[in-house]
Every structure is written in structure tokens, then in C-alpha cells.
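Step one of this worksheet: look at the structure below.
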Amino acid sequence: MKRLLIIDRDGTIIAEPPDEQIDSLEKLSFLPYSITTLARICKEFSYSLVMATNQDGLGTSSFPEETFYPTHNKMLDILRGEDIEFEDILIDRSFAREQKPTRKPGIGLFTHYLSGTEQHRIDWEHSFVIGDRITDAQLAQNLGAKAILLQSSASKLHTTSRTDTAGLPIALEAASWLDIYDFLLVQERPQRKASVHRKTNETDITIELNLDGSGKAHIHTGLGFFDHMLDQLARHSGCDLTIRTEGDLHIDEHHTIEDTALALGEAYLKALGDKRGIERYGYCLLPMDEALAEAEVSFGDAEFNQQRIHAALDFSGRNWLVWDAEFHREKIGDVPTEMFHHFFKSFTDTAKCTLNIRAEAENEHHKIESMFKAFARAIKIAVRRDAGNNAIPSTKGVL
Ligand SMILES: [Mg+2]
């Protein structure tokens, strides 16, 4: 499948002057890092480049072709000198008032990509429109692609209401082309996924984990409150998580919770692989109540310190749990409170991570829910990959 990078010209590759018409060589200047980034994209990635630009009234007396093409061709010459080739250059010549379907965000110039055999050869879901205007994001939406919006100082985004961007498939708002490169580099990396099937006489567990997901969860353990906690884990860590546990609940909840934690830890260990490029450490201070959170951060006043949840995590290759939490109820929902410690201990055993959890709260439900959320947020930080770094985060060279 072919992936396209559909790139706007003015305000994206080259600077757009105040009169929005680049009709002389004196007006030609490239945006910072546009040439070097496009060269790296062509060299390192497998996108096909398409240029798509609205040139109001091109070919009319207000914008004669002979004032447009010398500058346009000079720009292409400079780009070709760096091995940057566009497989297609789509120029709409109409004025906005004409409302022609060929003018962005219309897709009239893209019909050859949307019909015949070509439509089946393009991976629109993994194609991007790179531009500086809302119309570029709307074009992405109309094509079934995603948008990368470059917010340069000349960007029209600054004068556009944020509500205009609601619902648009904007994958990235970039401050510069360097951000665009980092983003595309991450797209190139395969998603980190793991499947675990753990079967004993007591439980039968299947787990699917995608560390690079979007927080989707499908959880069924037979314990409603436990499902709710694991759903929080997926949602707040950004991992996609599917868990199906058939446990011996006719005896009690113990094996179901313990074995699910063991299988879950194993899934994280497998999905992380050699841990190349990850942050490794994660932490979170997460009160349930926002007002308390502000008090904690801003004042450190003991009066407001009644509910405090702390989670710090290291995917170190060594298992360790530091636990500082007390529960005063026997159960929350259908889960015995003594099993919370057991869950996190079992997780650290198989994920081979160090985990510190501390919780203070009056409300027992808030306490454990906050712990899972803090745990999830700490995981989110720890498994995050730095775009510019592919090293194993240890002086030992192995984790
Ligand atoms: Mg533009």
C-alpha cells in the first residue's frame, strides 16, 4: 500500500508573504528546516510526496503565469537538489468565491487517487496532509487521511477559532518541521504488542496488549470492580488492553486477581521487548479531587493533604514493590481489599519492574481508583518512546 504525504506549498514549505502571492524570486524563502526535513523524509521513509496548493486566480491578469512559474520552478529545482521529488503537483487556480470542488478543502484534484485501481493502492489511514490552514485539515478529513498542521508565525491558525478544528483528524500541531520529522519517525516504528495466554487448573486468561494504542479496553474477569480498575489502567495509560479471565470464582476471588496480574505483567514485559528508546521511569501524583490537587502542589498544606496518591515506576528488569496504603473495608465492590497489594505485587513479579505506591484518602473507593489511575499514568510516562532516541536506557546496555 502506498502512503501519501500531501504537502501544502505556501506557509508550509515556503514562507507566505502578507499579500499571499509569491510572484517574484524576491518573495521566495523556505521555512526553517523544511528542506532538510523533507530530504530526510525522502531518504528514510517510504511516503510518496504530493504537493497541493491553492493559487488564487493563477493565469488571470491578477496573477499571470509568467510571474508564478519562475519562482515555483526555482523552488522545485532547489528541492530536487536535495533529492526531494514530488510524484504529483496539484495546483488549483480558482478564487475562493467560485467555490470550485478543485479548491482545497475540495478533493476535485484528487479524483485519480480516489477511483480505479489507485484507490485500492493508497493507505489513506496512514497518509497525512501537511499544511498551515484549517482547510488543509479539512482536506485530510475529506480524503480519509490525517492532518499535520504547521503553526508557523505566519500561520492562519492563530486567527482561527479553536472550535473550527473540533472533529478534524489533526494528528499533530507542529511548531516546526523538526516536530514533523519526530512525529513521522514514531509512525515508522512498529507498535509494541503482546499476547499472553495463561492457563492453570484455577484460571484461564487471555490478554492482548498494545502499548501504542489509544486507551481502548475490553475487560472481562467476572469481577465488576476489578474490570473497572483494569479499564482505568487502559484508559489512563493509553494502552489498548483486552483481558478475558475465566477464574474459579466459585471458590473465591484470589486466583482470578492474582493470575490476571501475573499475565498482565508478562504482557508488559513482552510488549516492551528490549526497552529500546523508552523513558523507563514514570511517576504520578494524582489526587481524585482537583481542588485537593492544587492544594497539594501549590501550598503543601497538611489540611489539604488528606487524599494523596503517589505512584512511581521503573521498568528496571528487577521486581520490587513498595506499598504504603491501608484499607479499612473488607471489600470494595466484589474485590477483597487485601487483594490490591497482591495484584500490584504479582504484576511487578512478572513485569520485572519496581513500583512504589502510596495512598492516603478517606474514601476507600477513591483511594483504590486513584491508585490504579496513578499506576496507569506512571506506566504511560515510563513506556513512552523518545523520537530522537533509540538507546536502551541503562548504562549496563541491557534492562
Ligand atoms: Mg498554506
(message) Order 192-199, 114-121 from most to least packed using the mean count of other Cβ atoms within 10 Å.
(response) 192-199, 114-121
(request) Restricting to segment 1-117, compute how many DSSP beta bridges are antiparallel as a %, nearest 5. (result) 10
(request) Write down the percent of antiparallel bridges among all DSSP beta bridges whose residues are both part of segment 100-228, to the nearest 5. (result) 45
(request) Could you quote the convex hull projected area for segment 193-269, Cα atoms only and averaged over all directions, in nm²? (result) 4.3
(request) Rounding to the nearest 20 debye, state how big the charge dipole of the chain is about its Cα centre with +1 on each Lys and Arg Cβ and -1 on each Asp and Glu Cβ. (result) 960
(request) List the residues whose amide H sits under 5 Å from the amide H of G213, counting only those 5 or more places along or on another chain, with H placed 1.01 Å from N in the peptide plane. (result) D240
(message) Given 25 °C and 0.890 mPa s, compute D for segment 173-226 with the Stokes-Einstein relation, Rh being the Kirkwood radius over Cα pairs; round to the nearest whole µm²/s.
(response) 168
(request) Starting from the Cα coordinates of segment 33-90, work out the convex hull volume and express it per residue in Å³. (result) 84
(message) If neighbour count is taken as other Cβ atoms inside 10 Å, put K43, K345 in order from fewest to most.
(response) K43, K345
(request) Counting other Cβ atoms within 10 Å, keep those with at most 14, restrict to DSSP loop, and tell me which trypsin sites (Lys or Arg not before Pro) in segment 227-279 are left. (result) R276
(request) Might you report the magnitude of the Cβ-based charge dipole of segment 193-269 about its Cα centre, with Lys and Arg at +1 and Asp and Glu at -1, to the nearest 20 debye? (result) 360
(request) Calculate the spin-label point distance for H112 paired with T165, positioning each point 7 Å from the Cα along the beta-carbon direction, and give it in nanometres. (result) 3.3
(message) If the only charges are +1 at each Lys and Arg Cβ and -1 at each Asp and Glu Cβ, what is the size of the charge dipole of segment 3-188 around the Cα centre, to the nearest 20 debye?
(response) 360
(message) 5 Å is the cut-off here: which amide hydrogens, built 1.01 Å from N in the peptide plane, fall below it relative to I7, excluding neighbours closer than 5 in sequence?
(response) V50, M51, A52, I130
(request) Run through the DSSP bridge list for the chain and note the antiparallel percent, rounded to the nearest 5. (result) 50
(request) Please identify which residues in segment 250-280 have an amide N closer than 12 Å to a label point set 7 Å out from the Cα of E202, following the Cα→Cβ vector. (result) 251-262
(message) Using only DSSP helix segments of four residues or longer, with each worth -39500 (n - 2.57), what per-residue ellipticity at 222 nm results for the chain after dividing by its residue count and rounding to 500?
(response) -10000 deg cm²/dmol
(request) Give the shape of segment 3-188 as rounded, prolate or oblate, defined through the alpha-carbon gyration tensor: a ≥ b ≥ c are the square roots of its eigenvalues, a/c under 1.5 means rounded, and otherwise the shape is prolate if a/b is larger than b/c and oblate if not. (result) rounded
(request) Please tell me which of these pairs span more than 20 angstrom C-alpha to C-alpha: K193/K352; K345/K367; K146/K380; K2/K193; K193/K380? (result) K146/K380; K2/K193
(message) Cut-off under 17 Å on the C-alpha distance; same-chain residues fewer than 8 positions from K100 excluded. Which aspartates and glutamates are left, in chain and number order?
(response) D56, D92, D136
(request) Choose one of Y33, Q21, L76: the residue whose Cα lies farthest towards the positive end of the charge dipole of segment 3-188 (beta-carbon charges +1 Lys, Arg; -1 Asp, Glu; about the Cα centre). (result) Q21
(request) Please list, or write none, the lysines whose alpha carbon is within less than 20 Å of the alpha carbon of K74, excluding same-chain residues fewer than 8 places away. (result) K27
(message) Please report the equivalent ellipsoid semi-axes of the chain, computed as sqrt(5 x eigenvalue) of the Cα gyration tensor, largest first, in whole Å.
(response) 51, 22, 20
(message) Can you find, among Y113, S94, L139, the residue sitting farthest towards the positive end of the charge dipole of segment 79-147, where Lys and Arg contribute +1 and Asp and Glu -1 at Cβ?
(response) S94
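Read-outs: derived from the displayed coordinates by stated rules, not from any lab. These numbers come from a predicted model, not from an experiment. Cβ atoms come from the backbone with ideal geometry, glycine included; neighbour counts cover every protein chain shown.
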